[in-house]
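**Student:** Sharing a structure with you now.
The values are calculated or read from the model by the stated rules, or taken from the named source; none is laboratory data. In this text, all values refer to a predicted model and were calculated from it rather than measured experimentally. Every residue, glycine as well, gets a Cβ built from its backbone with ideal geometry; the counts of neighbours run over all protein chains shown.
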Amino acid sequence: MADLCRPGAVVALLVLAAGCAAPALPAPAPTAVPNVAAVPEVVTPGPPEPAAPAGPAGPCTGDTLDVSATPVRPDGDAGVQELIFRNTGAVACVLDGYPGVSFVAGNEGAPVGPRAAVEGPRARVQLEPGRAATAALRVTATDSYPARDCAPQEVRGIRVAPPGGTGGRFVPRPGPVCSAEPDQPQATVASVVAR
């Protein structure tokens with residue numbers, strides 16, 4: 001026991017005790033941090049974008065415009081009929097003003113006499129698909145004019161150009177018309193109106 005009381009013996013015992021102590025615990029493994037960039041972002045859809053406004057409607061013309069006419073009805077010394085313009089296309093189009101109307105004869109559709117004069121206020125009609133507009137055509141009988149001023153000639157019908165458009169469509173209207181130009185127009189046509 002005397003040896004244990006020596007200062008060197010105490011130090012040796014401490015070293016021995018330290019060597020017999022429980023081993024140190026390993027350091028905890030680092031906690032994995034989730035990769036934020038890999039997590040898909042959930043986006044709540046907002047209200048739908050409003051549709052872009054359609055551009056202005058173009059003129060009614062070509063294969064998307066059907067042209068026809070009602071039967072001629074007597075009106076004093078003239079015959080009156082309605083020219084009918086129907087939009088057969090998929091988009092709206094515009095008729096602007098008066099149709100061009102000429103009498104035609106023969107298989108080649110040669111024009112006879114002057115074009116129809118225009119009368120009444122000008123109008124502009126937008127035709128939605130499937131809708132129609134009309135224009136009144138008035139033709140005075142040839143026997144209302146002196147023969148020398150009228151020079152009657154048989155025609156097959158009329159060629160109608162759409163108001164504000166191009167081209168023309170044949171519409172049957174057989175009978176005599178003035179091949180000359182009398183003082184008063186034989187034919188007059190009004191502006192289009194919505195039907």
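**Student:** If Phe103 passes every condition in (1) at pLDDT 50 or above; (2) out of contact with any Cys (no Cβ under 9 Å at 6 or more places or on another chain) but one, which one does it miss?
**Tutor:** Checking Phe103 against (1) at pLDDT 50 or above; (2) out of contact with any Cys (no Cβ under 9 Å at 6 or more places or on another chain), the one that fails is (2).
**Student:** Quickly run through the stretch 81-111 and pick out the residues that are in contact (Cβ under 8 Å) with a residue 40 or more places away in the chain, farther than 14 Å from Pro172 by Cα and among the β-branched types (Val, Ile, Thr).
**Tutor:** Across the stretch 81-111, the qualifying residues are Thr88, Val94.
**Student:** Name every residue in the stretch 180-195 that is touching a strand residue (DSSP E or B) at 6+ places or on another chain (Cβ under 6 Å), surrounded by 14 or more Cβ atoms within 10 Å (Cβ to Cβ) and part of a loop (DSSP other than H, G, I, E, B), in order of residue number.
**Tutor:** Selection gives Pro185, Gln186, Val192.
**Student:** Right, something else. Could you tell me whether any residue of the stretch 119-141 is exposed (fewer than 14 other Cβ atoms within 10 Å of the Cβ), of a type in the set (Gly, Ala, Ser) and without any contact (Cβ under 8 Å) to a residue 40 or more places away in the chain? Talk me through it step by step, then tell me what you get.
**Tutor:** At the first step, the residues of the stretch 119-141 found to be exposed (fewer than 14 other Cβ atoms within 10 Å of the Cβ) are 119-122, 124, 128-130.
Checking which are of a type in the set (Gly, Ala, Ser) leaves us with 120, 130.
Going one step further and asking which of them are without any contact (Cβ under 8 Å) to a residue 40 or more places away in the chain, we end up with none.
No, the conditions are met nowhere in the stretch 119-141.
**Student:** Can you pull out the residues in the stretch 56-91 that are within 23 Å of the chain's Cα centre (by Cα) and charged (D, E, K, R)?
**Tutor:** Within the stretch 56-91, the first condition is being within 23 Å of the chain's Cα centre (by Cα), and the residues that meet it are 56-67, 84-91.
Within the stretch 56-91, Asp63, Asp66, Arg86 qualify.
**Student:** Still on this structure, I have one more. With the condition kept exactly as written, say whether any residue in the stretch 137-145 is closer than 16 Å to Arg195 by Cβ and not in a helix (DSSP H, G or I). So that I can check it myself, show each step before the final result.
**Tutor:** Applying the first criterion (closer than 16 Å to Arg195 by Cβ) to the stretch 137-145 yields 137.
Now drop any that are not not in a helix (DSSP H, G or I), which leaves 137.
Checking the stretch 137-145: at least one residue is closer than 16 Å to Arg195 by Cβ and not in a helix (DSSP H, G or I).
**Student:** If I filter the stretch 147-179 down to residues being outside any strand (DSSP E or B) and modelled with pLDDT of 95 or more, which single residue comes out as surrounded by the fewest Cβ atoms within 10 Å (Cβ to Cβ)? It would help to see each step written out before you state the result.
**Tutor:** First, pick out the residues of the stretch 147-179 that are outside any strand (DSSP E or B): 147-151, 162-168, 179.
Remaining after also requiring modelled with pLDDT of 95 or more: 150-151, 179.
On the way: Cys150: 22, Ala151: 16, Ser179: 19.
Only one residue fits best here, namely Ala151.
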